[in-house]
Amino acid sequence: QVQLVESGGGLVQAGGSLRLSCVASRNIFSFNSMGWYRQAPGKQRELVAAITSGVITNYADSVKGRFTISRDNAKNMVYLQMNSLKPEDTAVYYCAADAGSFRYWGQGTQVTVSS
């Protein structure tokens with residue numbers, strides 16, 4: 001069983017920054033990819049950013065140029081640096097890890113951006 005624990009969410013004003021962290025209970029190099037998803041009230045969960053074991057990144061168009069995903073294999077951690085935050089970035093952010101066809105999820109961390 002894999003556990004993913006997110007941290008770093010909170011309340012921030014528009015234009016501000018937050019850094020989310022996700023720590024995995026096992027070596028993240030074993031995962032095909034890891035990513036951050038978000039779900040706003042009344043909306044479907046959507047991909048925000050992903051990073052493969054080969055350090056290839058992928059971003060949603062809405063966050064390109066503002067968010068950066070990174071990983072530290074030695075610490076089993078994945079990060080999401082979020083800059084120039086907007087009210088529409090408000091959501092619960094989830095860390096995910098893909099192992100073959102199975103996806104593990106964290107419990108989520110709330111990000112609220114006030115206008």
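The values are calculated or read from the model by the stated rules, or taken from the named source; none is laboratory data. Since the model is a prediction, treat every value here as computed from it, not as a measurement. Please note: Cβ atoms are built from the backbone with ideal geometry, for glycine as well, and neighbour counts cover all protein chains shown. Areas reflect the complete protein model, heavy atoms only, side chains present, ligands, DNA and RNA absent. Shrake-Rupley method; radii C 1.70, N 1.55, O 1.52, S 1.80 Å.
Residues in the stretch 87-98 that are exposed (fewer than 14 other Cβ atoms within 10 Å of the Cβ) and touching a helix residue (DSSP H, G or I) at 6+ places or on another chain (Cβ under 9 Å): Glu88 only. Pairs meeting the criteria (first residue in the stretch 47-66 and farther than 12 Å from Val78 by Cβ, second residue surrounded by fewer than 14 Cβ atoms within 10 Å (Cβ to Cβ) and among the small types (Gly, Ala, Ser), beta carbons under 7 Å, at least 6 apart or on different chains) are Arg66/Ser84.
Scanning the stretch 69-86 for residues that are within 19 Å of Phe31 (Cβ to Cβ) and either open to solvent by 30 Å² or more (accessible area, probe 1.4 Å) or of a type in the set (Phe, Trp, Tyr) (or both) turns up Ser70, Arg71, Asp72, Asn73, Ala74, Lys75, Asn76, Met77, Tyr79. Screening the stretch 16-64 for residues that are touching an Asp or Glu at 6+ places or on another chain (Cβ under 6 Å) and of a type in the set (S, T, N, Q) and picking the one that is surrounded by the fewest Cβ atoms within 10 Å (Cβ to Cβ) gives Asn32. Contact map, the stretch 6-25: first residue within 26 Å of Ala97 (Cα to Cα), second residue of a type in the set (D, E, K, R), Cβ cut-off under 6 Å, separation 6 or more or different chains; pairs are Gly8/Arg19; Cys22/Glu6. Take Ser30 and decide whether it is hydroxyl-bearing (Ser, Thr, Tyr), touching a helix residue (DSSP H, G or I) at 6+ places or on another chain (Cβ under 9 Å) and over 18 Å from Val113 (Cβ atoms). No, not satisfied.
Residues in the stretch 4-15 that are of a type outside the set (Asp, Glu) and open to solvent by less than 30 Å² (accessible area, probe 1.4 Å): Leu4, Gly10, Val12.
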